Amino acid sequence: MDSKLNFVTGLDVGTENVRAVIGTLEDGKLAIYGYNEGKSDGMRKGVPANLNGPARSIDVMLGEAERMGDYDVRSAYVSINGSQILSTHTHGMIAIVSNSADHEINDEDMDRVENVAVTSCISANRDVLDVVPLEYAIDGQGGIKDPIGMSGARLEMRANVISALTPNCDHLRKATEQAEVHAERLIPSVVAAGKAVLTDKQKENGVAVIDMGSATTSVAVYEEGDLQYVGVVPAGSNNITNDLAILLAIDPDMAEDIKTRFVTGDFDSEKSPVIKVGGKGGHERNFDRKEVDVVVKARLEEIFGEVRKKLKSAKYDQRLPEGIVLTGGGARMRDIELFAKKAMEASVKIGIPLNLAGVSDAVERPEFAAAVGLAMIAAEDQAYSVKPSKKDKKKLKKSSNKSGNFLKKIFSKF
Ligand SMILES: Nc1ncnc2c1ncn2[C@@H]1O[C@H](COP(=O)(O)OP(=O)(O)OP(=O)(O)O)[C@@H](O)[C@H]1O
Ligand SMILES: [Mg+2]
């Protein structure tokens, strides 16, 4: 079967923006065939505050992409966010019951030990989003990554269990269902972002990804190739905008304008002391840069301070050889990496989605990392979601050698 028909969809439902990425895995890369972004509605601090708002924004945003490409998105990997997301390290142990002395550990034993590990740490009002096996031990002998086929009398497992409050998961599933898309899997947005921007080497040596969105800033830590920790701080880049609006007594649009056009994370460098906003027929206003910088810096210090507390609690503060990678719209602030480097006392880079093909330019941005990562995980799981129409299949066949042009035409809006 033509691999180009095996499409996957990543749907990042953020507090301010909803983003979708449609693609397919080709030679280990995610070939991007569709994407869209739009304003989000009805989300508070990363979780749905009502069902209609998110459903409508998903519908409008996806609908546009579907109409243009004549795609039918039936299911997607969807992001989940909010400080309710927990990462819990747990341990489980089972006796290997067997009739024969040479019993080899099998899938059933693995399921049993995982069950014991998970049920001992997750309360009934939480959904398990992922179980990351960190280590197995057989008869007290640890350091085993894959015990299948080995033998022993006692099997132990150490795992990192990622969970979220069941009502929040249900609401997200219902909202996507209302938009006629099935949420095949819910994945924390920062974990999805990590999938898109981190290399295997970084994950092996020790690295953190920090996803700074509008209302949340989340962190995920990887070491020895495994996801070790996830935590979410309930504050993001919009808090900076709101602080500026309140403290300078201006409307939020003007505050956003100042933040995105004039603020830089390099607070120590020489800059013009006055920020001029407006003009061109409108009313021009001047702001004292020092005053603006004090407000922005205080909020950034608070947010990164909270992230650092989370890293400390997980015992990873200043213990990340590969440093920190920043994603999310908040990472678009000019020179934010310079501020983050000082605040976190670690090396910091901006994360751009890697391993892409197709019309990828437009999604090679830190704010698209989560949507791209969701599609990448779906592709790895072979969780196909897009069934192209007959018309589309014909077009795809014709254009299989020059898909760039065909898809550029379809998505020329972007
Ligand atoms: N150039 C820029 N400079 C500073 N901030 C920016 C810039 N561009 C976007 N932002 C900020 O990024 C934020 C939006 O980021 P993003 O789209 O990742 O959030 P979200 O995913 O909707 O929110 P969340 O992840 O918290 O639910 C907004 O606060 C916006 O002001
Ligand atoms: Mg986000």
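The values are calculated or read from the model by the stated rules, or taken from the named source; none is laboratory data. Just so we're clear, the structure is a prediction, and the values are computed from it rather than from any experiment. All Cβ positions, glycine included, derive from the backbone under ideal geometry; neighbour counts span all protein chains shown. Note: accessible area is taken over every heavy atom of the protein model, side chains too, but ligands, DNA and RNA are not part of it. Shrake-Rupley method; radii C 1.70, N 1.55, O 1.52, S 1.80 Å.
Scanning segment 194-213 for residues that are polar (S, T, N, Q) and open to solvent by 20 Å² or more (accessible area, probe 1.4 Å), we see that the one that is farthest from ligand 2 (Cβ to nearest atom) is Asn205. State whether one or more residues within segment 92-110 are part of a strand (DSSP E or B), of a type outside the set (Gly, Ala, Ser), more than 27 Å from Ala215 (Cβ to Cβ) and away from ligand 2 (no atom under 16 Å from the Cβ). Yes: one or more hits. In segment 1-22, the qualifying residues are those that are at pLDDT 90 or above and small (Gly, Ala, Ser), and the one that is nearest to Lys195 (Cα to Cα) is Gly10. Determine whether Gly278 is more than 15 Å from ligand 1 (Cβ to nearest atom), open to solvent by 50 Å² or more (accessible area, probe 1.4 Å) and at positive phi. The answer is yes for Gly278. Set side by side, the residues Glu135, Glu114 differ, and just one is buried (at least 17 other Cβ atoms within 10 Å of the Cβ) and more than 21 Å from Val190 (Cβ to Cβ), which is Glu114. The residues listed here are Arg319, Arg299; of these, the one that is at pLDDT 95 or above and in a loop (DSSP other than H, G, I, E, B) is Arg319. Considered as a group, the residues in segment 215-247 that are within 13 Å of ligand 2 (Cβ to nearest atom) and open to solvent by 20 Å² or more (accessible area, probe 1.4 Å) include one that is nearest to Lys201 (Cα to Cα), and that residue is Pro234. When Leu25 is tested against (1) open to solvent by 30 Å² or more (accessible area, probe 1.4 Å); (2) touching a strand residue (DSSP E or B) at 6+ places or on another chain (Cβ under 9 Å); (3) within 11 Å of ligand 1 (Cβ to nearest atom), only condition (3) is not met. Under the condition of being in a helix (DSSP H, G or I) and either hydroxyl-bearing (Ser, Thr, Tyr) or under 25 Å from Asn81 (Cα atoms) (or both), the residues counted in segment 116-128 number 3.
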